[in-house]
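S.K.: Below is a structure I'd like to ask you about.
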Amino acid sequence: MKRAYILLAEGFEVIEALAPIDCLKRAGVEVRKVAVGASLDVTSSHNHATLHCDTLINDTDLSDGDVLILPGGNPGYINLRESEAVRRAVREYFDSGKLIAAICGAPTVLAYAQVAKGYNITCHSSVKAEMTEYNYVADSTVMHNNILTSAGAGRSIEFGIEIAKCLVDSETLSRTKQGMEL
């Protein structure tokens, strides 16, 4: 069974976290919610929701995962990129050729981790100016080697499906999309 780790920091965007979790679970992928901080309970931006995570990043070996998912949200993406544990995990996944999926402001974590420079990416328009060492592409999702990026909240289901496409066979993906009326 494939395993996804989704890193949740205070101020994450609800739909950017829950849509990929839902899409991947429907496709049979094990999803582990990892809190970036001292508490297993992580509150979203605008205080819309609090998610109870499975583990804390400092207590978890993420090396057995197939994908590392970075949701955006403000200040969630800032809290992700300021975490040395997150930057280290991103570098390890990148160096091992494993999939990293970042949406909205979270592609800036790539820059802070000093990986994938020169890659094609997309991101939220509010952080585009921070991504000068990358080739910005005005698409809803962009895949370049092992890096998947997406523009923002409105693309969250598409983002989740694109992650699933990288992890499961075409029949499972088709069944998942059909079940979601996509």
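The values are calculated or read from the model by the stated rules, or taken from the named source; none is laboratory data. What you are looking at is a predicted structure, and each value in this text was computed from that prediction instead of being measured. Quick reminder, even Gly has a Cβ in these numbers, built from the backbone with ideal geometry, and neighbours come from all protein chains shown. Ligands, DNA and RNA are excluded from the accessible area calculation, which covers all protein heavy atoms including side chains. Shrake-Rupley method; radii C 1.70, N 1.55, O 1.52, S 1.80 Å.
S.K.: Have a look at Ser39, Ser150, Ser140 and tell me which one the Gaussian network model of the chain (Cα, springs below 10 Å) gives the largest fluctuation.
M.R.: Of the options given, Ser39 has the highest mean-square fluctuation.
S.K.: Grab the DSSP H runs of the chain that are 4 residues or longer, score each as -39,500 (n - 2.57), total them, divide by all residues and round the 222 nm result to the nearest 500 deg cm²/dmol.
M.R.: When only DSSP H runs of four or more count, the value is -9000 deg cm²/dmol.
S.K.: Same structure, new question: Please give the per residue accessible area of the chain, computed with a probe of 1.4 Å over protein heavy atoms only, in Å².
M.R.: Result: 44 Å² per residue.
S.K.: Could you work out what % of the accessible surface of the chain is carbon and sulfur, using a 1.4 angstrom probe and leaving DNA, RNA and ligands out of the count?
M.R.: Carbon plus sulfur share of accessible area: 45 percent.
S.K.: Just from the alpha-carbon atoms, what are the Rg and Dmax of the stretch 48-123 in angstroms?
M.R.: Both quantities, over Cα of the stretch 48-123: 12.2, 36 Å.
S.K.: Report, for the stretch 5-104, the % of DSSP beta bridges that are antiparallel, rounded to 5. Intermediate values should be presented prior to the final figure.
M.R.: Working: 3 of 17 bridges.
The antiparallel proportion sits near 20 percent.
S.K.: Right, another one. With point charges of +1 on the Cβ of Lys and Arg and -1 on the Cβ of Asp and Glu, referenced to the Cα centre of the chain, which listed residue (Ser156, Leu8, Leu173) lies farthest in the positive direction of the dipole?
M.R.: Going by the Cα projections, it comes out as Leu173.
S.K.: Check cross-link reach from Lys25 to the lysines: straight Cα distance under 27 Å, and skip same-chain residues fewer than eight apart.
M.R.: Once the sequence-local lysines are set aside, what remains near Lys25 is Lys2, Lys33, Lys98, Lys165, Lys177.
S.K.: Would you mind computing Rg(Cα) / (2.2 N^0.38 Å) for the stretch 122-173, counting N as its residues?
M.R.: 1.24
S.K.: Sort out for me the Cα centre separation of the stretch 1-68 from the stretch 71-87, rounded to whole Å.
M.R.: Rounded to whole Å, the Cα centres lie 13 Å apart.
S.K.: Here is a further query. Across the stretch 35-87, how large is the tail of the calculated P(r) beyond 19 Å, expressed as a percent of all Cα pairs?
M.R.: 24 percent
S.K.: Can I ask one more? Is the stretch 1-69 best put as rounded, prolate or oblate by its Cα gyration tensor, with a ≥ b ≥ c the root eigenvalues, rounded for a/c under 1.5, and otherwise prolate when a/b is larger than b/c, oblate when not? Can you show the working numbers first?
M.R.: Working: a/c = 2.42, a/b = 1.24, b/c = 1.96.
Because a/c hits 1.5 or more and a/b fails to exceed b/c, the stretch 1-69 counts as oblate.
S.K.: Another one. Each residue of the stretch 139-155 in turn: what ³J(HN,Hα) in whole Hz from Karplus with 6.51, -1.76, 1.60 and θ = phi - 60°, glycine and Pro shown as x?
M.R.: 10, 6, 9, 9, 10, 9, 6, 9, 10, 10, 10, 9, 6, x, 3, x, 10
S.K.: Can I ask one more? Evaluate the charge dipole of the chain about its Cα centre and quote only its size in Debye, nearest 20, assuming +1 on the Cβ of each Lys and Arg and -1 on the Cβ of each Asp and Glu.
M.R.: For this selection, approximately 240 debye.
S.K.: Take every DSSP beta bridge with both residues inside the stretch 100-182 and express the antiparallel ones as a percent of the total, to the nearest 5. It would help to have the intermediate numbers written out before the result.
M.R.: Numbers: 4 of 10 bridges.
Counting only bridges with both partners in the stretch 100-182, antiparallel ones make up about 40 percent.
S.K.: While we're looking at this one, here's another question. If you take every DSSP beta bridge whose two residues both sit in the chain, what share of them, in percent to the nearest 5, is antiparallel?
M.R.: Counting only bridges with both partners in the chain, antiparallel ones make up about 25 percent.
S.K.: In whole Å, largest first, what are the principal axis extents of the Cα atoms in the chain?
M.R.: In descending order, the Cα extents are 38, 36, 33 Å.
S.K.: Along the charge dipole of the stretch 10-149, which of Ile21, Thr141, Leu80 sits closest to the positive end, that is, farthest toward it, with unit charges on the beta carbon of Lys, Arg, Asp and Glu (+1, +1, -1, -1)?
M.R.: Thr141
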